[in-house]
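Encoded as structure tokens, the structure appears first; notes follow it.
The values are calculated or read from the model by the stated rules, or taken from the named source; none is laboratory data. These numbers were taken from a predicted model, which means no experiment stands behind them. Counting neighbours? That spans all protein chains shown, and the Cβs are built from the backbone with ideal geometry, glycine included. Surface areas here come from the heavy atoms of the whole protein model, side chains and all, with no ligands, DNA or RNA. Shrake-Rupley method; radii C 1.70, N 1.55, O 1.52, S 1.80 Å.
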Amino acid sequence: MLPVRSRMKQIKVRFAPSPTGPLHIGGARSALFNYLFARNQGGKMLLRIEDTDLERSSLEYEREIVESLSWLGIDWDEGIDVGGDNGPYRQTERLDTYQRYVDQLLRTGHAYHCFCTEEELARERQALLEKGEIVAYSGKCRDLNPEERERKLRQGFVPTVRFRVAPGEEIVVNDLVRGTVTFDSSEIGDFIIVKSDGIPTYNFAVVVDDHEMGITHVIRAEEHLSNTPRQLLIYRALGFEIPEFAHISLILGKDRQKMSKRHGATSIIQYRESGYLPEAVFNFLALLGWSPEGEQEILGRDEIIRQFSLSRVAKNPAVFDLDKLNWLNAQHIKRKSMTELGEMLKPYLKNSPYWHNVEQMDRATYEVLVEAVRERIVCLVDVVKEVETFFAPPQYDGDTISRLEQPEVKGMLQGLLEHLPDRLDLEQARSFMKGLPKALQLPAKQVYMPIRLALTGSPQGPELPYLLVVMGVPEVRRRIAGLIGHR
Ligand code: GLU
């Protein structure tokens with residue numbers, strides 16, 4: 001059951017990427033689960049950019065993330081690009097807001113200035129590691145007296161701000177996916193909330209923003225579970241209402257290792273470029289950790305939104321299976337109308353050496369081409385290879401040549417030329433091919449395979465009627481005449 005607060009307040013979730021790289025599978029899955037939850041619950045979705053890592057963040061990555069989300073069909077009601085009442089939505093533009101809360105924490109004694117240098121801290125850490133003890137801050141600056149602090153500041157030392165953590169406390173995270181998870185505050189130690197350059201750390205900024213932006217549910221990757229106790233302490237110190245948390249499982253490769261480039265492309269843009277359909281990637285991502293109630297796994301966006309529920313998000317790791325994505329993609333391609341798929345294929349066909357053949361086709365013939373390849377492609381980019389069958393000069397291997405040189409085969413091909421009308425649409429090509437063995441008074445197997453070999457040099461490929469229509473009768477005649485004439 002949802003807690004009372006959530007029933008009263010409008011549900012609001014957020015996706016809060018750090019623009020330090022392109023949107024990858026894991027990030028996209030987090031964004032998607034937030035989006036699905038919001039849309040299923042009639043709530044709001046927000047996009048915030050967490051760019052406090054000044055060195056690694058860039059506007060280009062931010063653009064790329066926004067583009068990838070839009071390509072997937074994920075939209076948001078508030079945040080970057082769309083605006084809203086709680087902006088700005090880039091953390092580096094919110095420093096004044098953080099400062100107000102830092103001042104509050106300093107005033108109330110929940111935080112203090114720390115003058116320890118990087119080198120001192122590194123030495124301290126090393127010593128603890130060597131002794132096999134918990135690595136947490138010693139608390140050296142915790143109780144500096146005010147005079148001492150003023151003196152350091154006057155001397156030009158630039159402090160960090162640390163959050164004071166009372167040891168020996170049990171901190172309980174009630175997670176909608178993982179259940180109750182308990183942490184020991186002694187293992188946390190006083191942690192930094194503002195770095196010496198004045199930039200807040202993730203754990204602090206995320207709490208301030210989620211509060212200020214009215215976030216009711218924090219749905220994010222499991223790797224942030226260990227940050228949650230720190231965040232809970234900040235919520236409490238600032239007197240903020242605590243949102244619900246849902247930490248979704250890691251994504252592993254089929255070999256059960258953490259998902260990496262070895263298991264397939266990791267960035268969403270790469271899937272787009274290879275000709276995966278956004279609805280297939282959307283469908284695939286939704287199944288990474290969530291499962292629908294029924295057997296049907298090929299689902300459209302609206303259906304996934306309708307069915308989505310956090311209670312069906314699994315606790316155990318999700319497994320990234322590229323074969324499954326390929327299968328889903330082929331299925332979603334088959335669901336497209338010829339016209340729609342035709343348009344989607346064009347950008348890929350433009351990269352084919354046979355684009356000029358395609359460009360010259362009339363609309364009806366182009367749709368036959370689309371229909372012919374639709375069943376055969378897994379990704380849109382595969383169309384480039386597929387059209388070679390129609391337009392590349394056929395290559396015959398030794399076996400094929402000896403087969404085509406047999407007198408009865410030559411005779412059959414001659415017969416084909418005599419019966420072949422000058423123009424054929426798909427329906428006519430189908431009935432022509434169907435009736436051909438009878439017209440030639442030959443069994444089907446002595447007709448179809450030799451024709452296919454003669455036209456393309458390959459025993460596999462699209463159905464013959466497709467070949468006839470897309471190649472066009474003149475080209476069919478030319479290829480066959482060439483074969484009979486030369487041999
Ligand atoms: N900026 C964090 C990340 O990209 C967001 C974590 C969160 O959702 O709290 O991992």
Values of log10 I(q)/I(0), in the order q = 0.07, 0.09 Å⁻¹, for the chain under a Debye, Cα-only, solvent-free model:
-0.55, -0.75
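For region 288-424, give the percent of accessible area contributed by carbon and sulfur heavy atoms, probe 1.4 Å, rounded to a whole number. Write out the running numbers ahead of the final one.
On the way: 3440 of 7290 Å².
That fraction is 47 percent.
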So for the pair Ser138, Gln395, with labels modelled 7 Å out along Cα→Cβ, what separation do we get in nm?
7.1
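Using +1 on the beta carbon of Lys and Arg, -1 on that of Asp and Glu, and nothing else charged, what's the dipole of region 281-423 about the Cα centre, debye to 20? Don't skip to the answer; put the middle values down first.
Numbers: 17 positive and 23 negative charges, 125 e Å.
Dipole about the Cα centre, nearest 20: 600 debye.
Provide the gained length on full extension for the span Thr20 to Glu405, in nm with one decimal, where the gain is 0.36 nm per separating residue minus the Cα-Cα distance. Don't jump to the answer; show the numbers that get you there.
On the way: separation 385, 0.36 × 385 = 138.60 nm, distance 6.28 nm.
That pair, Thr20 and Glu405, stretches by 132.3 nm at full extension.
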In the chain, with Lys and Arg counted as +1 and Asp and Glu as -1 at Cβ, which of these residues, Gly342, Gln428, Trp327, has the Cα nearest the positive end of the dipole, that is, farthest along it?
Gln428
Can you work out ³J(HN,Hα) from phi for every residue in region 430-436, in order, using Karplus 6.51 cos²θ - 1.76 cosθ + 1.60 and θ = phi - 60°, giving whole Hz and x for Gly and Pro?
5, 6, 4, 5, 4, x, 4
Once the dipole of the chain is set up from charges on Cβ (+1 Lys and Arg, -1 Asp and Glu), the residue from the list Gly139, Gln414, Gly156 lying farthest towards its positive end is Gln414
Taking R0 as 45 Å and r as the Cβ-Cβ distance between Gln126 and Leu322, the FRET efficiency 1/(1 + (r/R0)^6), rounded to the nearest 0.05, comes to 0.60
Two decimals is fine: what is log10 I(q)/I(0) at q = 0.14, 0.28 Å⁻¹ for region 315-358, from a Debye sum with one equal scatterer on every Cα and no solvent?
-0.52, -0.96
Compute the normalised compactness of region 40-134: alpha-carbon radius of gyration over 2.2 N^0.38 Å, N being the residue count.
1.58
Bins of 10 Å from zero: percent of alpha-carbon pairs in region 442-487
26, 58, 16
Counting pairs of Cα atoms in region 261-301, how many percent are more than 14 Å apart?
53
Probe 1.4 Å - accessible area at Ile192, Å² to nearest ten:
50
Restricting to Cα pairs under 8 Å and 6 or more apart, the percent relative contact order of the chain works out to 13
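Relative to the Cα centre, what is the charge dipole magnitude of the chain, using +1 at the beta carbon of each Lys and Arg, -1 at the beta carbon of each Asp and Glu, and rounding to the nearest 20 debye? Don't skip to the answer; put the middle values down first.
Working: 63 positive and 70 negative charges, 172 e Å.
Its charge dipole is roughly 820 debye.
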Might you list the cysteines of the chain that have no disulfide-compatible partner by the rule of another cysteine's Cβ under 4.7 Å?
Cys116, Cys379
What is the packing order of peptides 242-251, 173-182, taking the mean over residues of other C-beta atoms within 10 Å and listing the highest first?
242-251, 173-182
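Using only the Cα atoms of region 347-487, what semi-axes does the equivalent ellipsoid have when each is the square root of 5 times a gyration tensor eigenvalue? Give whole Å, largest first. Walk me through the numbers on the way to the answer.
On the way: eigenvalues 131, 57, 35 Å².
Result for region 347-487: semi-axes of 26, 17, 13 Å.
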Within region 326-340, which residues have the backbone N less than 15 Å from the label spot 7 Å out from Glu297 along Cα→beta-carbon, could you tell me?
326-332
